[in-house]
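The values are calculated or read from the model by the stated rules, or taken from the named source; none is laboratory data. As the structure is a computational prediction, the values presented were derived from the model and not from experiment. Neighbour counts run over all protein chains shown; Cβ positions are idealised from the backbone, glycine included. In case anyone asks, the SASA skips ligands and DNA or RNA and just uses the protein heavy atoms, side chains included. Shrake-Rupley method; radii C 1.70, N 1.55, O 1.52, S 1.80 Å.
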Amino acid sequence: MQKKDNYIDLHIHTLNSDGQFSPQKIVDLAYDNDTNFISVTDHDSINGINQFKENLKIGMLGVNGVEFSSYIVVDNKKIKLHILGYCFDENNEKLQYLLNEMRAKRIKSHLKLLNNVKEELLSLPEKSLSMIDIEKYCWFDREFIKCLENENYSPDIIEYYRKFFKQNRFSYGADYDLDVKRVIDGIKSANGFVVLAHPMAYKLNREEVEKIIINLVNLGIDGIETYQSDCSFDDSLYLSELAHKYNLLESVGSDFHRVINSDGRIIGKGINENLCIKETTLTDKILENKKYFIGRKK
């Protein structure tokens, strides 16, 4: 029933956050890429999980996932981290509280941007703007530009706002991220696995990466993303050594978002096929504990 190459990808985004495709389309892309063990990990949201489960094909395995925006303080330095959660109880009260808190922060950030723009542009495309999902994690400035394009605003106005947003790049701000301890506790309370996403992506040297991992181990983290699209072979080898040193599970993820404006990464295979992983200690643990769901769609 299963395909010839059974690759793994536990870090994929959909249009329920800042990805390009629906969960159904993500499943199709994974299947076409010989990737049969997958997880959708949208930013600070689990809204796409049911659609993901419903569309998983026969011969594929899936686990629920989420990627939390968080931070850790090490040596009086605040460092932004992304924390992946897997196989959790989606109805857990503590986890739901964190997700709702992030949702409220996104709404506040998006409304603030809209209010700022209203001071610059007297005539707003209210009908189109009302169709933007202000609850989801996204590049909200890009969504705003799309509204201007859909309403046929003049090229001069659109270009003005492109430059405006380029100079005043939208972000959720330093107060958006959650303390990593709260994130780990939330995922753990929901009986999930906790994994540090793309450890080499935080512009830190190896000594700093290890120090962060030691702190996370003390907080109860389960694993690290050893294989990732942006990782060099040497970086993956180094991360694997750290996983062994600190008795952590190893995971693999493409961090796939889109085809448009992409750097060429694809589900299951990464960039220039630098992934193509068929087995990890994390998926072994998931299989051992039967914490997965089975595809049933033909």
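Structure summary
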read-out	value
Matching residues in the stretch 149-190 - criterion: being under 20 Å from residue 134 (Cα atoms), small (Gly, Ala, Ser) and surrounded by 11 or more Cβ atoms within 10 Å (Cβ to Cβ)	171, 173
Number of positions in the stretch 217-238 that are in contact with a strand residue (DSSP E or B) (Cβ under 6 Å, 6 or more places away or on another chain) and assigned to a helix (DSSP H, G or I)	1
Residue in the stretch 10-62 that is surrounded by the fewest Cβ atoms within 10 Å (Cβ to Cβ), counting only those that are hydroxyl-bearing (Ser, Thr, Tyr) and within 16 Å of the chain's Cα centre (by Cα)	22
Of all residues in the stretch 124-144 being without any contact (Cβ under 8 Å) to a residue 24 or more places away in the chain and closer than 27 Å to residue 99 by Cα, the one that is most open to solvent (accessible area, probe 1.4 Å)	131
Residues being over 21 Å from residue 296 (Cα atoms), of a type in the set (A, V, I, L, M, F, W, C) and either at pLDDT below 95 or in a strand (DSSP E or B) (or both) - total across the stretch 51-102	9
Verdict on residue 234 being of a type outside the set (Phe, Trp, Tyr) and either more than 21 Å from residue 7 (Cβ to Cβ) or in contact with a Ser or Thr (Cβ under 7 Å, 6 or more places away or on another chain) (or both)	yes
Number of the exception - residue 250 against (1) of a type in the set (Asp, Glu); (2) closer than 18 Å to residue 63 by Cα; (3) open to solvent by 40 Å² or more (accessible area, probe 1.4 Å)	(3)
Leading residue by the ranking (farthest from residue 17 (Cα to Cα)) among those in the stretch 94-112 that are of a type outside the set (Phe, Trp, Tyr), in contact (Cβ under 8 Å) with a residue 12 or more places away in the chain and open to solvent by 20 Å² or more (accessible area, probe 1.4 Å)	94
Any chance residue 275 is modelled with pLDDT of 95 or more, under 18 Å from the mean Cα position of the chain (by Cα), open to solvent by less than 20 Å² (accessible area, probe 1.4 Å) and aliphatic (A, V, I, L, M)	yes
Residues that are of a type in the set (A, V, I, L, M, F, W, C) and part of a helix (DSSP H, G or I), drawn from the stretch 252-285	282
